[in-house]
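**Q** Below is a structure I'd like to ask you about.
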Amino acid sequence: MVPSGKFYLLLVLGVAIAISLASLFSVTIGILGALLFDVILLLLSAIDSWRERGNIAEITRQPLGRLSIGRDNSIILSIKSKNRPALIQIRDFYPLEFAVSNPKLQTYLPKNSTQEITYTVHPTHRGEYAWGDIQVRQLGVWGLAWCDRKIPQSTKVAVYPDLLGLRQLSIKLTLQNTGTMRQARRMGIGTEFAELREYRMGDDPRFVDWKATARRLGATPSASLQVRVLEPEQEQTLIILLDRGRLMTANVQGLKRFDWGLNATLSLALAGIHRGDRVGVAVFDREIVTWIPPERGQNQLAKLIDRLTPIQPVFLEPDYLGACTSLVNQQTRRALVVLITDIIDITASSELLAALGRLTPRYLPFCVTLRDPQVDKQAHTFTKDLDNAYSRAVALDLLSQRQVAFAQLKQKGVLVLDAPANQISEQIVDKYLQLKARNQL
């Protein structure tokens, strides 16, 4: 039994009654009257709570599935009332490591009705977590006490990389591959023949197939010009090298830099699989700790998610040269090699520059770095405060040194993408699609 607000108001009323009795009769009578009132009130509250025990609403938590790191994941509770209306307070024992939108839920249900309540949790670390039971309080009919009960709902839940983002990206890529969007996108930007279609206003005349047009005119004099539709070459190879070294352990926008890189890795892998390419991933620090050979198909994406999810960053300096050397030994055919890491300056990143330089011209190296948006904000915020001015000068110097390092990478024939960590997934996919469209691989 948990007393309600109404119960405490009545207790105050009992004090007023005791004062009135004491003023009219005696202090002893006032005290005895207050005690009697309190005993009756406690008894009625206990009865109110006890009567509600048989009418506690049924509450179940819908299956949690796999949660996405860095996202607001919806948790749905299904509630079913019984023979009486129910005013209910609910506390779900989610893992303490999660941020939650509403830790205490309250709702009102008419009798014999059902309702769903949704709240969100925001995990910031991958792994497996224990989810506890559901604590429910239901107000008695007289409103004197809450009937308190724990509903067994304990379970285990796994936090994965950004699966919600992957689902949205998959829908976007599927839409791009269908209907007129697909035809408009493919016109003249590929090397492989896809189909013939009728000429439309605005089509490039260079893609008119005169032989096919002549055959159509021979059969049907009123036939239109036929245009060759090309699409980017498929079954190319995409290799992603994901750094899990010291720089990837830093927290950026609520997540570790490695988690942003892992999300970008899976997004890029999904885009490659959708475009028919063979996708492989290597995770490295001082050595390659995980190697998933290039394969095609959705099974490859599922394998990448399962193999990469348990990996955590470590406080070790990465061996870029060793990772690239291992890749050269294992991957003989030409491939787009995407290295996801971070960079400080030329001196600290000299090994990275040498390693990527070794990949040209046999491979197409692509260096992707995850910039901290907070550094950008400090660098572009004007201030008159001395301490803030010093921080701004440091931020500007960091950005300047990064640009010098990127300039040297570009001189070696390395493609470069430097983007805020929280925007890297979208930008890396867009850059990959542009490379495919331009047939740079």
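The values are calculated or read from the model by the stated rules, or taken from the named source; none is laboratory data. Just so it is clear, the structure is predicted and the values come from calculations on it, not from any experiment. Every residue, glycine among them, receives a Cβ derived from its backbone with ideal geometry; neighbour counts consider all protein chains shown. These area figures cover heavy atoms from the full protein model, side chains too; ligands, DNA and RNA do not enter into them. Shrake-Rupley method; radii C 1.70, N 1.55, O 1.52, S 1.80 Å.
**Q** Where only protein heavy atoms count, and the probe is 1.4 Å, what is the accessible area per residue for the stretch 19-87 in Å²?
**A** I get 58 Å² per residue for the stretch 19-87.
**Q** Mind pulling the angle between the C-alpha long axis of helix 424-437 and the longest principal axis of the chain? Nearest 10 degrees, somewhere in 0 to 90.
**A** 30 degrees
**Q** Could you give the nm distance between label points at SER154 and LEU96, where each point is 7 Å from its Cα heading toward the beta carbon?
**A** 1.6 nm
**Q** Could I have the simple spin-label model distance between LEU196 and ASP397, label points 7 Å from Cα toward Cβ, reported in nm to one decimal?
**A** Taking the simple label geometry, LEU196 and ASP397 are separated by 6.7 nm.
**Q** What are the ³J(HN,Hα) values, in whole Hz, obtained from phi via the Karplus relation 6.51 cos²θ - 1.76 cosθ + 1.60 with θ = phi - 60°, for each residue of the stretch 251-267 in sequence order, with x given for Gly and Pro?
**A** 8, 9, 6, x, 10, 5, 4, 5, 5, 4, x, 5, 4, 5, 4, 5, 5
**Q** In addition: Run lengths n ≥ 4 of DSSP H only: what is the helix-derived mean residue ellipticity at 222 nm for the chain, with -39500 (n - 2.57) per run over all residues, to the nearest 500?
**A** -13000 deg cm²/dmol
**Q** In Å, the Kirkwood hydrodynamic radius of the stretch 326-441 over pairs of distinct alpha carbons?
**A** 15.6 Å
**Q** Where the eigenvalues come from the Cα gyration tensor of the chain, what are the semi-axes √(5λ) of the equivalent ellipsoid, largest first, in whole Å?
**A** 62, 32, 20
**Q** Quote the charge dipole size of the stretch 321-441 about the Cα centre in Debye, to the nearest 20; the model charges only the Cβ of Lys and Arg (+1) and of Asp and Glu (-1).
**A** Dipole about the Cα centre, nearest 20: 740 debye.
**Q** With everything on Cα atoms, drop me the angle between helix 298-308 and the longest principal axis of the chain, reported from 0 to 90° to the nearest 10.
**A** Between helix and principal axis, roughly 60 degrees.
**Q** What is the calculated FRET efficiency for THR118 to ASN251, with r their C-beta to C-beta distance and R₀ = 35 Å, to the nearest 0.05?
**A** E(calc), rounded to 0.05, equals 0.75.
**Q** Quick one: dipole size for the stretch 263-376, taken about the Cα centre, charges +1 on Lys/Arg Cβ and -1 on Asp/Glu Cβ, in debye to the nearest 20.
**A** So the magnitude is around 720 debye.
**Q** Using a Gaussian network model of the chain whose springs link C-alpha atoms within less than 10 Å, name the residue from PHE366, PHE207, PHE406 with the highest mean-square fluctuation.
**A** PHE207
**Q** Using square roots of five times the C-alpha gyration tensor eigenvalues, list the equivalent-ellipsoid semi-axes of the stretch 35-178 in whole Å, biggest first.
**A** With the √(5λ) rule applied to the stretch 35-178, the semi-axes are 40, 17, 11 Å.
**Q** Continuing with the same structure: Pairs LYS104/LYS150; LYS256/LYS303; LYS172/LYS431; LYS6/LYS150; LYS80/LYS150: which are spaced more than 21 Å apart, C-alpha to C-alpha?
**A** LYS256/LYS303; LYS6/LYS150
**Q** Calculate, in nm to one decimal, what LYS303 and PHE207 gain on full extension: separation in residues at 0.36 nm each, minus their alpha carbon distance.
**A** Extending this stretch completely gives an extra 30.5 nm.
**Q** For the stretch 244-316 and the stretch 136-171, what is the separation of their C-alpha centers, rounded to whole Å?
**A** 30 Å
**Q** Using the crude model of +1 on Lys and Arg Cβ and -1 on Asp and Glu Cβ, and no other charge, please compute the dipole size for the stretch 25-106 relative to its Cα centre, in debye to 20.
**A** My answer is approximately 340 debye.
**Q** Could the peptides 51-64, 259-272 be put in order, highest first, of the mean number of other beta-carbon atoms found within 10 Å of their residues?
**A** Ranking, from highest mean packing down: 259-272, 51-64.
**Q** I'd like the distance between the alpha-carbon centres of the stretch 102-133 and the stretch 46-94, rounded to an integer number of Å.
**A** The stretch 102-133 and the stretch 46-94 have Cα centres separated by 7 Å.
**Q** Same structure, new question: Of all the accessible heavy-atom surface of the chain, with the other protein chains kept in place and a 1.4 Å probe, what percent is carbon and sulfur?
**A** Answer for the chain is 55 percent, counting heavy atoms of protein chains only.
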